[in-house]
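Input: a single structure, listed below in structure tokens.
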Amino acid sequence: MCRHLARVGPTPVTLASLVTEPEHSLLVQSYAPSDMRGGGTVNADGFGVGWLGPADWHLYRRDDPMWTDASFLDLARGVETTALMAAVRSATVGMPVSTAACAPFRADGLLFSHNGVVRGWPDSMADLAATLPALDLLTLDAATDSALLWALLRARLAAGKDLADAVAGVVADTLVAAPGSRLNLLVGDGEQVVATAVDHALSYRTHADGAVTVASEPLDPDPTWIPVPDGSLLVARHGGVHDPPAVTVSPLETRR
Ligand code: GLN
């Protein structure tokens, strides 16, 4: 299963400080992940990094393993941002390997990533997909379960749902349509990160400067990493030096 991470903070850090430099960085998790729970062995079907620039999110995505991209490894040392999301992909069997299928997906000021699989794809999701406008289906980022979940989430947001409620609603509907699905979702708007842990690994930690990092696997052995219990919704907002970050972890059922 893919690995992903997101960070929000009050002060900029380099992409490399999260994605490539830590002892168990996302780069390491692309070839030596430690908690895949039976979902594949490596994450070599592409990668993506999205970071907040002066006006909007920027995306760098490739359908090659991260470790083969020397230019990305160089760029990551030179780009600074307060908010980023990154993912390394292990394509689910039957789904295309392409740059467009690599998270993060970007739209409407948000980034999105999905670590997991929708069981019974695509048949199991036909009824939920039919609730979307035809144009949303014609413009899916890719013919993957993740891209459909992203479209379902945006439809809920367009209908006026709050971000955390929209994420919880998509997870609940998908688990009804496709029981046993693995649904670790990650959404960021630059100030907050909303994440779910449904049958996959997730941890988070706060930093002294008010930043919060959420990641499939802890990026280093620091004891302040906190595992997120299965079946949870995490909402994290960054703080400042004198203002600790606000992180809540609640059972998903209560957020429907
Ligand atoms: N099912 C998604 C895809 O194929 C996510 C894969 C994963 O988490 N390994 O892109």
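Brief remarks follow.
- Residue satisfying condition, being under 14 Å from ASP108 (Cα atoms), outside any loop (DSSP other than H, G, I, E, B) and open to solvent by 40 Å² or more (accessible area, probe 1.4 Å), within set ASP165, ASP136: ASP136
- Selection within the range 74-98: residues that are more than 16 Å from the ligand (Cβ to nearest atom) and over 18 Å from the mean Cα position of the chain (by Cα). The member of this set that is surrounded by the most Cβ atoms within 10 Å (Cβ to Cβ) is ALA76.
- Sole exception among (1) assigned to a helix (DSSP H, G or I); (2) crowded, with 19+ Cβ neighbours inside 10 Å; (3) free of Cβ contacts under 8 Å to residues at least 40 places away in the same chain for SER71, by number: (2)
- Number of the condition not met by ARG106 [criteria: (1) more than 12 Å from the ligand (Cβ to nearest atom); (2) part of a strand (DSSP E or B); (3) open to solvent by less than 20 Å² (accessible area, probe 1.4 Å)]: (3)
- Scan the range 109-124 for residues that are among the aliphatic types (A, V, I, L, M) and within 12 Å of the ligand (Cβ to nearest atom) and the total you get is 2.
- Number of the exception - THR41 against (1) open to solvent by 60 Å² or more (accessible area, probe 1.4 Å); (2) in a helix (DSSP H, G or I); (3) β-branched (Val, Ile, Thr): (2)
- Any hit, the range 152-167, residues being at pLDDT below 95 and acidic (Asp, Glu): no
- Close pairs from the range 8-20: first closer than 9 Å to ARG77 by Cα and at pLDDT 95 or above, partner open to solvent by 10 Å² or more (accessible area, probe 1.4 Å) and basic (Lys, Arg), Cβ under 7 Å, at least 6 apart: THR14/ARG77; ALA16/ARG77
The values are calculated or read from the model by the stated rules, or taken from the named source; none is laboratory data. Nothing here was measured: the structure is a model prediction, and the numbers come from that model. Cβ: placed from backbone, ideal geometry, glycine included. Neighbour counts: every protein chain shown. Heavy atoms of the whole protein, side chains included, go into the accessibility calculation; ligands, DNA and RNA do not. Shrake-Rupley method; radii C 1.70, N 1.55, O 1.52, S 1.80 Å.
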